[in-house]
Amino acid sequence: MGNWQELEHEYLMHTVDRVPVTLVKGEGARVWDEDGREYLDFVAGWAVNSLGHCHPAVTEAVAEQVRTLIQTSNQFYTIPQLRLAELLVQNSCLDKVFFCNSGAEATEGAVKLARRYGKLNLNGAYEVITTMNSFHGRTLAMVAATGQAKFQEPYLPLPIGFTNVEYNNVEAIKAATSDQTCAVMLEPVQGEGGVNLPDDDYLRAVRAWCDQKGILLILDEIQTGVGRVGTLFAYEQYGIEPDIMTLAKGLASGVPIGVFLAKDRASVFTPGDHGSTFGGNPVACAASYATVKFIIDHDIAGNAKRVGQYFTNGLEKLKQKFQFITDVRGHGLLIAMEFNSDIGGAALTACLERGLLVNRVKPNALRFMPPLIISDKEVDEALGILDKALTGIAN
Ligand SMILES: Cc1ncc(COP(=O)(O)O)c(C=O)c1O
C-alpha cells in the first residue's frame with residue numbers, strides 16, 4: 001500500500017476533502033482500490049463515465065487515435081473533430097459546434113457567444129440571467145454565473161454581467177430582464193445544487209419570454225446531457241429548444257472534453273473571436289465519438305430512463321422504511337435522496353464501508369449518478385447496500 005494520502009497532503013493544494021480510498025482500476029460500473037477492494041460506482045467520476053469504466057468502445061477508439069495522431073493546432077482540419085461535430089449536430093437541434101476541454105470552459109464560451117450576439121444584435125446588451133443554486137463552473141465569470149454564495153464569497157468582487165434569480169420562477173427572470181440582457185442561462189435540472197427539478201411548464205415559459213424579448217436561451221446540459229436524464233438531451237423532455245447548449249462530463253465517458261453548440265442565428269463568432277489550444281483534440285474527439293455513437297446506437301438513454309425508474313422505485317421503498325428520508329427525486333440516472341438532518345456524510349461512509357460509492361451533494365442529501373449502462377442487478381445490489389447502511393445509521 002502506498003502513502004498516497006501523505007503525498008496528497010504534502011503536494012496538492014487542499015481544495016477537496018477526499019474520501020480515504022485510492023482507486024487504481026475500473027471496469028463497467030465497478031472500481032477497485034489499491035488493496036483490491038471492489039466498489040460499485042454510483043458516482044461515475046461525477047456523472048462522467050457514461051459507458052462505465054474503460055468501456056471497450058472508448059478504450060479502442062482512444063488507443064487507435066493515440067497511435068495515429070494525438071494533437072495538432074486548430075489551424076488544420078482533423079477528422080475526429082469533424083466527425084464528432086457532425087454527429088452532435090445531426091442528433092440535436094443545434095447547428096454549429098465549438099470544442100473546448102471542460103464544462104466551465106463550455107459555459108464561459110457560451111456566455112462569450114451570447115455577449116457577442118448582444119453586441120451585434122441587441123445594442124450591446126451583455127448581461128446574463130442565471131438562477132440560484134445553479135452550478136456553471138469555477139472560472140471567475142462562471143462563479144459569478146453560479147448562484148451559490150459559498151462559491152462566490154471567497155472571490156468577491158466578481159466580474160459584472162450576471163444576475164442570479166430564483167430557480168423555477170419565470171416571473172423572477174422577467175423582473176430581472178433589462179435592455180442590457182442578452183441571455184438567460186439555466187440547467188434543465190440543477191445537478192450540483194441538489195438535483196432540483198423544474199416545474200413542467202417552467203422551461204417553456206422561459207423559452208417564450210426569451211422569444212418575446214429577443215434574447216438567447218442557453219441550456220447548460222453539462223450534467224443532464226448525453227443520455228443522463230433518459231433522453232439524449234434534457235431539453236427534449238420539456239418541449240423546447242435552446243439557442244445555445246453546453247455539454248461536457250459524460251460526452252467522452254471519462255476523457256476530458258467540453259463543447260458548446262448554437263443555432264445558426266446565434267452562431268456569430270468570426271475568426272479570432274474565440275479559440276482553444278486543446279479544444280477539439282483528436283484523442284478527446286475520438287473518445288467522444290465512440291461514446292456518443294454507442295449511446296445512440298444502443299439506446300443507452302432509454303436504459304437510463306428505464307433503470308432510473310427502477311432505481312427510483314427502490315429508493316421510494318427505502319423512503320417508506322426509513323422515516324428520516326424526506327425526499328427521493330430525479331430524472332433518469334440523476335437522482336437525489338434527501339434526509340431530515342445532516343446525515344449525508346455518515347450515509348456516504350456507511351455505503352463506502354459496504355462497497356458502494358455515492359456522492360454527498362448536500363449535508364443532508366446523497367446524489368446517485370451511476371454509469372448509464374448500469375443493470376437492474378447492479379441497482380438491486382446498490383439498494384441492498386443502501387438499506388443496510390441506512391439501517392446502521394438508524395440504530
Ligand atoms: C451543470 C454544470 N455546468 C458546469 C459544470 C462545470 O464543469 P467542469 O467541472 O468540467 O468545469 C458542472 C460541473 O459539475 C455542471 O454540473
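The values are calculated or read from the model by the stated rules, or taken from the named source; none is laboratory data. All figures in this text were calculated on a predicted structure; none of them were measured in a lab. Positions of Cβ are backbone-derived with ideal geometry, glycine not excepted, and every protein chain shown enters the neighbour counts. The protein model used for the area step is the full one, side chains on, heavy atoms only, and it has no ligands, DNA or RNA in it. Shrake-Rupley method; radii C 1.70, N 1.55, O 1.52, S 1.80 Å.
Things worth noting here:
- Summing Lys and Arg as +1 and Asp and Glu as -1 over all other residues whose Cβ lies under 10 Å from the Cβ of Met142 gives a net charge of -2.
- log10 of Debye I(q)/I(0), alpha-carbon scatterers only, for the stretch 135-199 at 0.13, 0.20, 0.25 Å⁻¹: -0.37, -0.87, -1.23
- Cα long-axis angle, helix 282-297 against the chain (0 to 90 degrees, to the nearest 10): 70 degrees
- Over the C-alpha trace of the stretch 220-349, radius of gyration and Dmax come out as 18.4, 59 angstrom.
- Rg and Dmax over the alpha-carbon atoms of the chain stand at 20.9, 63 Å.
- Scattering profile of the stretch 307-348 at q = 0.16, 0.18, 0.22, 0.33 Å⁻¹ [log10 I(q)/I(0), Debye over alpha-carbon scatterers]: -0.39, -0.49, -0.71, -1.15
- Nearest-ten-degree value, helix 79-90 long axis tilted from longest Cα axis of the chain: 90 degrees
- Annotation: per residue accessible area for the chain equals 45 Å², rounded to a whole number [probe 1.4 Å, protein chains only].
- Rounded to the nearest 20 debye, the dipole magnitude of the chain is 440 debye, with +1 charges on Lys and Arg beta carbons, -1 on Asp and Glu beta carbons, and the Cα centre as origin.
- Normalising the Debye intensity of the stretch 177-292 to I(0), with uniform scatterers on Cα atoms only, and taking log10 at q = 0.15, 0.17, 0.21 Å⁻¹ returns -0.75, -0.93, -1.24.
- R0 of 22 Å, Cβ-Cβ distance Ser276-Ile70: FRET efficiency to nearest 0.05: 0.90
- Centre separation in Å (Cα based) which lies between the stretch 6-30 and the stretch 313-342: 27 Å
- Derived scalar couplings ³J(HN,Hα) [the stretch 383-392; Karplus, 6.51 cos²θ - 1.76 cosθ + 1.60; whole Hz; x for Gly, Pro]: 5, x, 5, 4, 4, 5, 4, 6, 4, x
- Heavy-atom accessible surface of the stretch 291-333: percent carbon and sulfur, 1.4 Å: 48 percent
- Mean separation of Cα contacts under 8 Å (6+ apart) over length of the stretch 246-372, as relative contact order %: 17 percent
- Hits among lysines - C-alpha to C-alpha of Lys249 under 26 Å, sequence gap 8 or more where chains match: Lys25, Lys96, Lys112, Lys150, Lys263, Lys293, Lys305, Lys362, Lys377
- Net dipole in debye of the stretch 220-338 [+1 Lys, Arg Cβ; -1 Asp, Glu Cβ; about Cα centre; nearest 20]: 480 debye
- Placing unit charges on the Cβ atoms of the charged side chains and taking the dipole of the stretch 251-330 about its Cα centre, the candidate lying farthest along the positive direction among Gly314, Pro271, Ala290 is Gly314.
- Helix 344-353 and the longest principal axis of the C-alpha atoms of the chain enclose an angle of approximately 50°.
- Residue with peak Gaussian network fluctuation, the chain [Cα springs, cutoff 10 Å], from Ile244, Ile343, Ile79: Ile79
- The value for the stretch 102-220 of Rg(Cα) / (2.2 N^0.38 Å) is 0.97.
- Mean projected area (nm²) of the alpha-carbon convex hull when the stretch 53-99 is viewed from all directions: 4.3 nm²
- Chain lengthening between Glu236 and Leu318 when straightened (0.36 nm per residue, less Cα-Cα): 26.5 nm
- Only Lys, Arg (+1) and Asp, Glu (-1) charged, at Cβ; the stretch 44-154 dipole about Cα centre in debye: 260 debye
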